[in-house]
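The values are calculated or read from the model by the stated rules, or taken from the named source; none is laboratory data. Only a predicted model underlies this, so the values are computations on that prediction, with no experimental measurement involved. Please note: Cβ atoms are built from the backbone with ideal geometry, for glycine as well, and neighbour counts cover all protein chains shown. Accessible surface areas use protein heavy atoms only, side chains included; no ligands, DNA or RNA. Shrake-Rupley method; radii C 1.70, N 1.55, O 1.52, S 1.80 Å.
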Amino acid sequence: MEHKYGLLSAPYEKLEPAFINLDNKWTKVLTIIDNNRVHHQAWGPWTIGSVRKVKILSFVFGLIVTVLIMASYILTRDQKGLFLTPSPYQITVLSQPAHMALDISSNTDYTVVREVVRSIMDKVDFSRRRVPDLGELREKEPQILSAIPRKFLPSLKNPCWYEEFFENISADPYGKNLYALYSKRFQAIYDHLRRAFPSHLHQHAGRHYRLRCLPFFYIIGQPKCGTTDLYDRLRLHPEVHFTTMKEPHWWTRKRFGIIRLSNGFHNPYPLKDYLDLFDQAANQIQDHLISNSSKSHKEVDIIIGEASASTMWDNNAWIYFYDNGTGVEPPFLVQDFIHAVQPDAKFIVMLRDPVERLYSDYLYFGMTNKSVEDFHERVSESLQLFEACLAERSIRSCIYNTTLNNLMPVRLQVGLYVMYLLDWLSVFNREQLLILRLEDHAANRKNTMRRVFDFLQLGPLTLQKEADITKSPASNTRRPANRNLGPMLPITKEILHSFYRPFNQHLTQVLRDPAFLWM
């Protein structure tokens, strides 16, 4: 199918993974990594202090393997299947003893981890990033900025425009949509859209046009902070419509060809495939628009939302596509491009105590043999890797470091809320972001939802409709098997509170709300 505009129609010719610079600090820390977590083995007499002294033969072997893989990739130029785990450190440690892990009863281990946390705190920096100008953004992603107009239809609350359709109207407009091809769950929706497509084409001067829309608002994060529950309640409002799936992840992953982070690059999802996700809502907007035009000039109040919880924080693809040669901090972030096409967009962020978020993240995404001891070990290893990165780089460089993010056993960086928020506030006004706490939402859903309704300027609801939205059971709660594990170890909680404290303190200053200390 041919449109006036396309995006990423030609594959990128150069995809080169970046590696963290290696020095004694990195090799010292990387020797503690125990990759054999599939089977939980007995803890031996090894402690973190002794593990850090293990020989680095595994690194040498891993580096050789990596060089061979990269040489093969460069020679073949085969972009598909390039894994997003570029670090050579994930090779099994050959020189590691068969029984090695954290001895949680060891005071030495506790001391080492606390020293790591103190070292990290000494390097915390909240300096501003350099924001690229519009010319740089156009040069980097000309297809995005040329395909979306600068002004939208004035009679609609939601950002929409008419795009000329060149194909035969009997053709299947969704036949090549990658979301439709890879998602059997939404086949019925796309079948309905196919049947409705011809009747929703607008004719003018012998040409056909289709209504295209972007979201009026985005729920951008964070993972395991209640975004699914917020999404499920908000979509019950009669003026709110969402994409055909909760999390398209287009801005952060799909437009680069990332399906799953561990499966490498696939064909990039073009912009038109992303816009197709809003067609169901766009059809309803167009029906209201036509109905209103025959009666009055009242604005159509239907708005569209998008709820990819990766939007706020996930910029892992930058090193492959936006590397400016420095390899330190990303020159472009997701919000730069969203702002370029939607400077008036609204964003909702749901946060929770980052310590509890991390544990919930581990329980939800972790594999077999989960335990509080395993969580503690993963936290300790991740902290040491983070410390090693900070020894050489800025904190912003580390939280956006693709290699480090793939290497850490738990996603420590996702809980550094203030770092991401500051970067979003570098391009959007504070009034465009609604920041909520999961703890407040759980305690009083009615109050939270009213704040959301006011933020989105939605119309009033009947008491019964408001009750339907606010009194339904919570969505995406912890599974029974995970609840049986109980809370994390007290020492783990203490260490994580120490790690997140300075970031939470700065967050309260930015938001002027002490509740975000989570004390």
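The base-10 log of I(q)/I(0) for the range 203-252, evaluated at q = 0.20, 0.28 Å⁻¹, reads -0.79, -1.27 [Debye formula, identical scatterers on Cα atoms, solvent excluded]. Among 335-346, 182-193, the peptide with the highest mean count of other Cβ atoms within 10 Å heads the list, and the full ranking is 335-346, 182-193. For the range 153-210, the Cα gyration tensor yields ellipsoid semi-axes of 23, 16, 10 Å (square root of five times each eigenvalue, largest first, whole Å). For the range 158-234, the fraction of 1.4 Å probe accessible surface lying on carbon and sulfur atoms is 52 percent. Probing with 1.4 Å while keeping every protein chain in the model, the per residue accessible area of the range 207-356 equals 29 Å².
Heavy-atom accessible area for His241, with the other protein chains in place and a 1.4 Å probe, reaches approximately 40 Å². What translational diffusion coefficient, to the nearest whole µm²/s, does the range 234-297 have by Stokes-Einstein, given a Kirkwood radius computed over alpha-carbon pairs, a temperature of 10 °C and 1.306 mPa s viscosity? This corresponds to a translational diffusion coefficient of 114 µm²/s. Counting Lys and Arg as +1 and Asp and Glu as -1 over every other residue whose Cβ lies under 10 Å from the Cβ of Gln457, the net charge comes to -1. Between Met519 and Ala205, the simple label model (points 7 Å from Cα in the Cβ direction) yields a spacing of 6.5 nm. When the residues Lys246, Lys123 are ordered by accessible surface, computed with a 1.4 Å probe over the protein chains alone, the sequence from largest down reads Lys123, Lys246.
Per-peptide packing, taken as the mean over residues of other Cβ atoms within 10 Å, places 142-149, 223-230 in the sequence 223-230, 142-149 from highest down. Think of the range 177-299 as having a plus end and a minus end, set by charges on the Cβ of Lys, Arg, Asp and Glu; of Gln187, Cys213, Pro268, Pro268 sits farthest toward the positive end of this dipole. In this structure, the residue pairs whose Cα-Cα separation is over 28 Å, taken from Lys346/Lys446; Lys123/Lys246; Lys151/Lys184, are Lys123/Lys246; Lys151/Lys184. Ordering 459-470, 206-217 by mean Cβ neighbour count within 10 Å, with the highest value first, yields 206-217, 459-470. Kirkwood radius for the range 336-485, taken over all pairs of different Cα atoms as the inverse mean of 1/r, rounds to 18.3 Å.
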